[in-house]
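Asker: Here it is: the structure, laid out below.
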Amino acid sequence: MLRQLNISDGKLTESQNGSGQVCVYIAPDEAERKYLVDQLKIDEHTLNSSLDPDEVSRLEFEPEHIAMIFKRPKRYSAIDNFLFRVGSTGAFMFKDRLVIVLAEDAPIFEGRPFTKIQSIQDVFLRLIYRAISHFVEHLRGINQISNELEQQINSAMENKYLLNLFTLEKSLVYYLDATHSNNAVIEKLKNNAAKIGFSQENVEFLDDIQIENTQCLRQTEIYSQVLASLMDARASIISNNLNIRIKALTLITIGIMLPTLVVSVFSMNVVIPIAWYKHAFWIITGLAATSSATVGFLWWRKKW
């Protein structure tokens, strides 16, 4: 699918005449791929890298364009089961147009960064900035989910919540690798700013992008380290909760078995000392109740 947009009044607007300064190819079909490779001279391997979620970020200089592959977070939904995934995006900047290739539809032009745009270079840089902002938003969500799961673990005996935390930790590893990879691209963009043709404003904005990505990288590292270091402790909490429940059940079983034993002894089919005593039933019942009360008192006294 192809979307074409133009830069108008500092914003991106849908093209009405079938041509645009910004062309977005979403999961391009064979005909669109053939056009990108044959007509626009985009390297086929680089094009495939734009659609490969495992591809590393990089910046390449071709004779007619500049190719950039960068990482961005994918949309999260309930079916992902706490796994936050990372995707790749390709941006190919020509002299008069910017071609963007995505594996799936995504809101890549949302937010404040796309309110004051003057050139395709601005769009080129703001794509990275938006991806970093998206990572930060997801990190906040991961932190909130982690806190909620911690509260569940404190009282749960199941492994479900612990497995969810393992999944979050796996997501943070993906995010850490992606932000590291994007940082290398940002550094290369800074080193080649004059060659690319960035204005002074673009260079200053690129500095802001690098700062934001560095902060995102550090935040991801902190969350990942904290989550990893506490996994053993949380596993111990679940084990301890299970032991407490088993202990309580064992004490309850003992409390039930003692009166059962008393009643069983006096119910045997043999002669017993109080067999013909008129209050024998109440004596036996009292002994059974006393044994249960004794277990309950010891439980409370010794804080078992």
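Asker: If you go through segment 32-52 one residue at a time, do you hit one that is free of Cβ contacts under 8 Å to residues at least 12 places away in the same chain and among the hydrophobic types (A, V, I, L, M, F, W, C)? Spell out how you get there, then give the answer.
Answerer: Residues of segment 32-52 that are free of Cβ contacts under 8 Å to residues at least 12 places away in the same chain, as a first pass: 34-35, 37-39, 44-45, 48.
Okay, now just the ones that are also among the hydrophobic types (A, V, I, L, M, F, W, C), so 37.
Within segment 32-52 (the criterion being free of Cβ contacts under 8 Å to residues at least 12 places away in the same chain and among the hydrophobic types (A, V, I, L, M, F, W, C)), the answer is yes, since at least one residue qualifies.
Asker: Using the structure shown, decide if Arg97 is touching a Cys at 6+ places or on another chain (Cβ under 9 Å) and either basic (Lys, Arg) or at pLDDT below 85 (or both).
Answerer: Details: touching a Cys at 6+ places or on another chain (Cβ under 9 Å): yes; either basic (Lys, Arg) or at pLDDT below 85 (or both): yes.
Yes: the conditions hold for Arg97.
Asker: Looking at segment 3-17, is at least one residue closer than 27 Å to Lys188 by Cα and in contact with a His (Cβ under 8 Å, 6 or more places away or on another chain)?
Answerer: No, because not a single residue in segment 3-17 is closer than 27 Å to Lys188 by Cα and in contact with a His (Cβ under 8 Å, 6 or more places away or on another chain).
Asker: Condition (residue is modelled with pLDDT of 90 or more, surrounded by fewer than 18 Cβ atoms within 10 Å (Cβ to Cβ) and closer than 28 Å to Asp38 by Cβ) applied to segment 70-86: is it met by at least one residue?
Answerer: No, there is no match, as no residue in segment 70-86 is modelled with pLDDT of 90 or more, surrounded by fewer than 18 Cβ atoms within 10 Å (Cβ to Cβ) and closer than 28 Å to Asp38 by Cβ.
Asker: Let me ask you something else. Could you list all residues from segment 86-99 that are in contact (Cβ under 8 Å) with a residue 60 or more places away in the chain and either out of contact with any helix residue (DSSP H, G or I) (no Cβ under 8 Å at 6 or more places or on another chain) or assigned to a loop (DSSP other than H, G, I, E, B) (or both)?
Answerer: Within segment 86-99, Asp96, Arg97 meet the criteria.
Results for (1) among the aliphatic types (A, V, I, L, M); (2) more than 22 Å from Leu2 (Cβ to Cβ); (3) modelled with pLDDT of 90 or more; (4) in a helix (DSSP H, G or I), shown as yes or no for each residue.
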{"site": "Val101", "(1), (2), (3), (4)": "yes, no, yes, no"}
{"site": "Pro107", "(1), (2), (3), (4)": "no, no, no, no"}
{"site": "Glu110", "(1), (2), (3), (4)": "no, no, no, no"}
{"site": "Pro113", "(1), (2), (3), (4)": "no, yes, no, yes"}
{"site": "Lys116", "(1), (2), (3), (4)": "no, yes, no, no"}
{"site": "Ala131", "(1), (2), (3), (4)": "yes, no, yes, yes"}
{"site": "Glu137", "(1), (2), (3), (4)": "no, yes, yes, yes"}
{"site": "Ile142", "(1), (2), (3), (4)": "yes, yes, no, yes"}
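The values are calculated or read from the model by the stated rules, or taken from the named source; none is laboratory data. These figures come from a predicted structure and were not determined experimentally. With ideal geometry, Cβ positions are generated from the backbone for all residues, glycine too; neighbour counts draw on all protein chains shown.
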